[in-house]
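Take a look at the structure below.
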Amino acid sequence: MIRPSASLLGGFGAAAAYFGATKGSVDVVICVQIVLSVAAISAGGFAINDYFDVEKDRINEPLRALPSGDLSLGTALAGTVALFCFGLLLAAPLGQSAFALAALNVAVLASYSHLLRINGALANLVGAYLAASVLLFGSLVAANLTPWLLQGGLFVFFYCLVREIVFDTHDVSGDRAAGVRTLTTVWGRSTAMKAAWVAVGASMVAVAGMVVGGGFQPPVQAMIAAALLVSVALLAGSLRLYQTDESKLRYRAFERHGRTGLWVAMLVVVCAARASTV
């Protein structure tokens, strides 16, 4: 339920942003706090989403812990509350701004499934914001909102928006049964895929903005652009394959390649931010 790889990706992304925004030496203890805080809150978000979506998961993902009966709803809710509290407890010493963002994200995550039922397209935007906010969180801990990390957050937003849209296309059967209004259930898969490709294009525009406005010399600009475009290519290539083949295999490949591309992008953004800070 807690999606450990995705939760840890958020935690390490936030810690990396702290590293990139910090001038001088980096406090290792703070890095550990950031990783554990963001990972716990992210894990709680995944768990609470499964808690509220158990009925549609009986159709979309019947083997998950809750629809299969391997875990009770009460235990899942208690675990979710514990994860949220643990994450907030670790965020409290990291500064008022960082704690406020963590508290905001907990509130958003707790209401995400309800928001999805009201307007799936808006929920996609919120999901993309939550992914991009890890860079903002690390920057707030460092008390240094660098332009590079803010631009990187915009790139991550559009990158993750693609994933959010595709995830909804995969869950269309359960969403329709539960009356959830997403791009796919309302406008059809073709329109949802077009929206995903628009988001891919927006992520490439964000790459151009970072490269041009980053203040780096041409050789470094080219290296940064190439690395970021590799991450976009991983996403776009797997999106194209899933668009032509809706099989579970293609969907899992899209998830895997999208996550790999996000790791690549995070690494590039943080290294560039560190270089510009130092």
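Relative to its residue count, the chain spans a Cα convex hull of 110 Å³ per residue. Using just its DSSP H runs of length 4 or more, each adding -39500 (n - 2.57), the chain gives a mean residue ellipticity at 222 nm of -29000 deg cm²/dmol after division by all residues. Only alpha carbons enter this Debye calculation for segment 120-208, each as an equal point scatterer, and the log10 of I(q)/I(0) it gives at q = 0.14 Å⁻¹ is -0.53. The alpha carbon centroids of segment 30-84 and segment 140-177 are separated by 19 Å.
Remark: spin-label model distance SER25-VAL198 equals 5.0 nm, labels positioned 7 Å along the Cα→Cβ axis. If the Kirkwood radius is taken over C-alpha pairs of segment 45-204, then at 4 °C and 1.567 mPa s the Stokes-Einstein diffusion coefficient equals 77 µm²/s.
Shape analysis of segment 170-278 yields a ratio of the Cα radius of gyration to the Kirkwood radius, Rg/Rh, of 1.09. Multiply the residue separation of VAL220 and LEU63 by 0.36 nm, subtract the distance between their alpha-carbon atoms, and state the gained length in nm to one decimal. Between VAL220 and LEU63, full extension yields 51.8 nm more.
The relative contact order of the chain comes to 22 percent, based on Cα pairs under 8 Å that sit 6 or more residues apart. Computed over segment 41-125, the P(r) curve from all C-alpha pair distances, binned at 5 Å from the origin, holds 3, 15, 21, 21, 18, 13, 6, 3, 1 percent per bin. Starting from the Cα of VAL230, step 7 Å along the direction of its Cβ; do the same at ALA100; then give the gap between the two resulting points in nm. Spacing of the two 7 Å Cα→Cβ label points: 3.9 nm. Kirkwood radius, segment 1-83, all distinct C-alpha pairs, inverse of mean reciprocal distance: 13.9 Å. Structural size metrics of segment 5-47, computed from C-alpha coordinates, are Rg and Dmax of 10.7, 37 Å. Accessible-area rank, largest first, for PHE99, PHE137, PHE12: PHE12, PHE99, PHE137, with all protein chains present and a 1.4 angstrom probe. Rolling a 1.4 angstrom probe over the protein heavy atoms with all chains in place gives segment 149-232 an accessible area of 43 Å² per residue. Largest to smallest in accessible area, the residues ARG117, ARG240 fall in the order ARG240, ARG117 (1.4 Å probe, all protein chains included). Solvent-accessible area of ILE2, all protein chains in place: 80 Å² (probe radius 1.4 Å, heavy atoms, ligands and nucleic acids excluded).
Taking label positions 7 Å along the Cα-Cβ direction at both GLU246 and VAL54, the computed distance is 2.8 nm, reported to one decimal. Working ranking of peptides 177-185, 21-29 by packing, defined as the average number of other Cβ atoms within 10 Å per residue, highest first, is 177-185, 21-29. Tally up the carbon and sulfur contribution to the accessible surface of segment 1-137 as a whole percent, 1.4 Å probe, everything protein left in place. Carbon and sulfur: 72 percent of the exposed surface of segment 1-137.
The values are calculated or read from the model by the stated rules, or taken from the named source; none is laboratory data. All values reported here derive from a predicted model rather than from experimental measurement. With ideal geometry, Cβ positions are generated from the backbone for all residues, glycine too; neighbour counts draw on all protein chains shown. To get the accessible areas, we keep the full protein, side chains included, count just its heavy atoms, and leave off ligands, DNA and RNA. Shrake-Rupley method; radii C 1.70, N 1.55, O 1.52, S 1.80 Å.
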